[in-house]
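Novice: Take this structure, written in structure tokens, and hold onto it; I'll ask about it next.
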Amino acid sequence: MIANYGYKDGSGEYYISIDTDKCIECPVGRACLAACPKAMFETLVDDYDDEVVCIKAQFRKSLAYDCVQCKPAGGHTRLPCTDACAPGAIRHSW
Amino acid sequence: MITAGIDMGSRTIKVVLLEDLKVEGAPQLNYAVRKAQIMFPGELDQDQAAERVYDDVLAAAGLKREDVAAVYATGAGRKQVKFAADAVTEMTAGARGAVFFFPSVRTVVDVGAEEGRGIKTDEAGKPTDFAGNEKCAAGAGSFAEAMSRALQLSLQDFGEASLKSDKTIPMNAQCTVFAESEVVSLIHASTPKEDIAKAVLDAVASRVCAMVRRVGIENDVALIGGMVHNAGFVASLKAAMGVDELKLPEMPEYVSAVGCALLAAETRH
């Protein structure tokens with residue numbers, strides 16, 4: 001399942017997509033959890049009893065602000081979370 | 001076997017009792033809704049409200065708690081249903097329920113009071129992709145309700161009024177507070193209520209449609225949730241999504257509760 005966490009507001013569309021099918025058998029030991037400087041990712045057991053990664057609820061309404069330090073404006077050319085996710089399960093919409 | 005599904009929404013609680021009919025060769029007819037009930041809780045304590053509506057629906061169906069094999073809960077307050085054996089997300093429950101009513105459905109649009117979401121599903125009713133809007137109620141029923149109040153129309157009249165308009169007035173406000181002031185400006189400009197109602201519902205539909213486009217629109221498309229009762233919104237959503245038909249269930253606000261009860265039954269088979 002592709003889970004899209006985020007929102008659209010007057011300034012744009014801010015979603016982090018997690019392909020949970022790629023996430024279930026993570027070959028890099030959930031490296032995304034440690035890679036995010038704001039610790040926005042967490043694991044959960046989904047409705048089908050698979051352990052997957054999701055975005056913590058408190059960050060889902062403020063992604064545009066929370067992710068800003070990892071975007072080009074913060075001096076990054078690549079995102080730490082997508083770099084850490086070897087299976088390529090994480091994508092940002094902006 | 002009887003199972004129960006409870007959808008603890010942000011505005012209402014929906015309870016469904018599902019009966020296993022065991023009709024061989026007709027999978028979608030294997031279950032029938034025995035009883036469904038909706039409640040607008042008057043108190044803030046969701047635990048008590050869930051207990052009360054569940055006992056009410058059991059009494060109305062002439063059943064006791066021990067007659068029910070399993071209770072599953074869903075919705076924003078699903079964790080408050082302490083007597084539920086399991087809790088599933090709105091996506092899982094909504095997709096399962098929509099495919100139960102319409103087996104050909106592959107895209108589910110769920111618009112409730114406080115939240116809207118788009119769900120892609122497979123033929124078994126398992127979600128494959130979903131998107132919601134975590135931030136703002138501008139793509140949900142409460143937005144339409146707030147705007148109908150500003151126009152001093154009932155929700156039903158609001159929906160019907162919009163169908164009388166063929167004007168397209170873009171609404172730029174992205175939140176209910178700003179949108180309300182935009183509606184007030186339109187009222188002061190002597191814009192007919194019908195045109196304002198259509199503008200509002202077009203705006204809600206456009207936000208919902210943007211979410212659904214994130215997951216992709218694949219036919220057939222079902223609309224579930226309380227906004228199905230708003231004929232103006234249904235028309236606006238059809239136009240925004242560019243689809244000829246939206247599958248509309250007869251009991252749209254119960255679809256997720258039905259999905260829950262089905263999941264409870266299927267787990268026990």
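Coordinate-derived values only; no laboratory data. Computed from a prediction, not measured in an experiment: that's the story for all the values here. Cβ: placed from backbone, ideal geometry, glycine included. Neighbour counts: every protein chain shown.
Novice: Show that you can apply the helix-only estimate: for chain B, add -39,500 (n - 2.57) for every DSSP H stretch of four or more residues, divide by all residues, and state [θ] at 222 nm to the nearest 500.
Specialist: -13000 deg cm²/dmol
Novice: Tell me whether region A:2-92 comes out rounded, prolate or oblate; compute the Cα gyration tensor, take square roots of the eigenvalues as a ≥ b ≥ c, and use a/c under 1.5 as the rounded threshold.
Specialist: Taking the square roots of the gyration eigenvalues as a ≥ b ≥ c, region A:2-92 is oblate.
Novice: Over the whole of B:124-135, what's the average partner chain Cβ count within 10 Å per residue? Rounded to a whole number, please.
Specialist: 6
Novice: How big is the charge dipole of region A:2-92 about its Cα centre, in debye rounded to the nearest 20, if each Lys and Arg gets +1 on its Cβ and each Asp and Glu gets -1 on its Cβ?
Specialist: Magnitude of the dipole: close to 580 debye.
Novice: Top mean-square fluctuation among B:153, B:248, B:58, Gaussian network model of chain B, C-alpha springs under 10 Å?
Specialist: In this elastic network of chain B, the residue with the biggest mean-square fluctuation among B:153, B:248, B:58 is B:153.
Novice: Which whole number gives the average, over all residues in A:8-16, of C-beta atoms from other chains lying within 10 Å of the residue C-beta?
Specialist: Taking the mean over all residues of the peptide, I get 4.
Novice: On each of the three principal axes of the Cα atoms of chain B, give max minus min coordinate, whole Å, ordered largest first.
Specialist: Over chain B, Cα extents along the principal axes are 61, 40, 29 Å.
Novice: Specify whether the C-alpha gyration tensor of the protein assembly as shown places it in the rounded, prolate or oblate class, a ≥ b ≥ c being the square roots of the eigenvalues: rounded for a/c under 1.5, otherwise prolate if a/b is larger than b/c and oblate if not.
Specialist: Judged from the Cα gyration tensor, the protein assembly as shown comes out oblate (a/c at least 1.5, b/c at or above a/b).
Novice: In addition: Could you tell me which of A:14, A:76, A:32 has its Cα farthest along the dipole of region A:2-92 towards the positive end, charges placed at Cβ (Lys, Arg +1; Asp, Glu -1), taken about the Cα centre?
Specialist: So the residue furthest toward the plus end is A:76.
Novice: To the nearest 20 Debye, how big is the dipole of region B:179-264 about its Cα centre, given +1 on the beta carbon of each Lys and Arg and -1 on that of each Asp and Glu?
Specialist: 180
Novice: What percent does the relative contact order of chain A come to when contacts are Cα pairs within less than 8 Å and at least six residues apart?
Specialist: 36
Novice: Shape verdict for region B:137-241, please, from the Cα gyration tensor: rounded (a/c under 1.5), prolate (a/b greater than b/c) or oblate.
Specialist: In terms of gyration-tensor shape, prolate.
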